[in-house]
1. Report whether or not residue 139 is free of Cβ contacts under 8 Å to residues at least 60 places away in the same chain and touching a helix residue (DSSP H, G or I) at 6+ places or on another chain (Cβ under 8 Å).
2. Of 139, 121, which residue is modelled with pLDDT of 90 or more, out of contact with any Phe, Trp or Tyr (no Cβ under 9 Å at 6 or more places or on another chain) and not polar (S, T, N, Q)?
3. Given the structure, is residue 101 assigned to a helix (DSSP H, G or I) and not aromatic (Phe, Trp, Tyr)?
4. For segment 166-191, which positions are small (Gly, Ala, Ser) and within 23 Å of residue 95 (Cα to Cα)?
5. With respect to residue 141, is the statement that it is of a type in the set (S, T, N, Q), in contact with an Asp or Glu (Cβ under 9 Å, 6 or more places away or on another chain) and buried (at least 16 other Cβ atoms within 10 Å of the Cβ) true?
6. Residues 157, 162: which one is assigned to a helix (DSSP H, G or I) and assigned by TED's automatic domain parsing to the domain that holds residue 183?
Amino acid sequence: MLTLSIIGILVILLMQIILFKKENLDFNLKLFIKSKELLEVFKEFLVVLLGVTIAIYLTNIDSGNQNKNKVIALLEVSQNELDEAYTMNAFFIKQYEERIIDARTMKANIKNNNSVLRNVLENDTVIIIISPFTYSFLLNNLRSVDAFYNNLHDNAINDNDIYTSVIALNKHIKVLIDAIDIGNDYLRGRCNGKDLLVLHNIVINDNFNFVEINEAEITNKN
């Protein structure tokens, strides 16, 4: 766009030189530079340049908004998958806490659905658009979810180990769900970069204080 505009201005300039030469038989470059014709060309150039700059700026804004909306949509899809796993896990945790099922039955039904989020975090557009802090936070907690899930199936044998691993797993899933909300609020302009650290810390404190309460309750029941 800018290139075509410059070419157009050069064509106008050339035409003005030709017309000026016809009107001034004793044409010379210094005389043309001082003429009103060159001033008119210069004004036209500034108008075109300003118009092109505004057009490029508005196009970039529109493109940026489209990319943000795309990232928000992708994160919401991944959040839905996580929320499904969290809700299902919470159901079986409650069943165990109420002694309706045993620990091994709970363990067999625990889910770790995060394949969508994993793919989303590998998307180039997401990596560029999302807050670096939120991206790192999601990635680290995603690894924690996988670690607790693997530990649940590889190492958790007695009831207490199973319960502790399941609770920690589901709390990290909830942290991911809440962190996605914060990340999307940032992309929507509802919070700024300075708010992110505070909000993520609140998410961690809220979720893991709840872990300690649950562990105390199950210990008392035993």
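The values are calculated or read from the model by the stated rules, or taken from the named source; none is laboratory data. No experiment lies behind these values; they were computed from the predicted model shown. Here Cβ is always computed from backbone atoms with ideal geometry, including for glycine, and neighbour counts include all displayed protein chains.
1. no
2. So the residue among 139, 121 that is modelled with pLDDT of 90 or more, out of contact with any Phe, Trp or Tyr (no Cβ under 9 Å at 6 or more places or on another chain) and not polar (S, T, N, Q) is 139.
3. Answer is no for this residue.
4. Within segment 166-191, just 168 meets the criteria.
5. No.
6. Just one listed residue meets the conditions, 162.
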